[in-house]
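The values are calculated or read from the model by the stated rules, or taken from the named source; none is laboratory data. Remember, predicted model here, so these are calculated numbers, not experimental data. Here the Cβ is made from the backbone with ideal geometry for all residues, glycine too, and neighbour counts use every protein chain on show.
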Amino acid sequence: MSKIIARIVRIAQSAIARQGSRLKDERGSAIVELGLILGLFGSPVLLGTVEVASLIYSSIEISNAAHSGAMYGMMSSTYAEDTSGIQTAAQQEATDFGAKLTVTPSIYYVCSSAIGGTQYSTQSAANSACSGAGNHALEFLSVAVSAPVTAPVQFPGLASSITVSGSSSMEVEE
């Protein structure tokens, strides 16, 4: 019985040795293939990730600037009319853009019963339109902010600069 087991072991060893000799020529080819694939596909994916991350960061910063300007102006009607103060508040929030940042505040009025409804450019127009018990004009401030963003990595065929914008609207406190 032990002779049979020994013979099976010898047969298995010789089969493994034959397989091993065939694989000797292919040693390291997987590493070379991995290097080629990463070189061809890894770099563009990495650069694309950097590009998208930069645009997302800029978009968040611009949206925060719009929100900051609206928060400054919503404190009272006096602050809502202070265009330079709103612009300064927005620019202090988005210091990366400097003078390239465009800040546009606008005041509008709506009826308290239909805040998502018609917008009026003057308070007198809103007062005449907002009739009925408990219905009155509300003042809102909208701040729109935009700035050109230069891509950190330039790709042929794609724009080198993209304009990113954000806006924020808030009710002005009385």
Going through region 90-115 one residue at a time, which ones are crowded, with 20+ Cβ neighbours inside 10 Å and under 17 Å from A80 (Cα atoms)? A90, V103, P105, Y109, V110
Looking at this structure, is G85 at pLDDT 85 or above, assigned to a helix (DSSP H, G or I), of a type outside the set (S, T, Y) and touching a Pro at 6+ places or on another chain (Cβ under 7 Å)? no
Any residue in region 68-77 that is out of contact with any strand residue (DSSP E or B) (no Cβ under 7 Å at 6 or more places or on another chain), surrounded by 11 or more Cβ atoms within 10 Å (Cβ to Cβ), assigned to a helix (DSSP H, G or I) and at pLDDT below 95? no
Regarding P148, is this residue in contact with a Lys or Arg (Cβ under 8 Å, 6 or more places away or on another chain) and surrounded by 13 or more Cβ atoms within 10 Å (Cβ to Cβ)? yes
State which residue is farthest from the chain's Cα centre (by Cα) when the search covers only region 116-136 and only residues that are exposed (fewer than 12 other Cβ atoms within 10 Å of the Cβ) and within 17 Å of A80 (Cβ to Cβ). S124
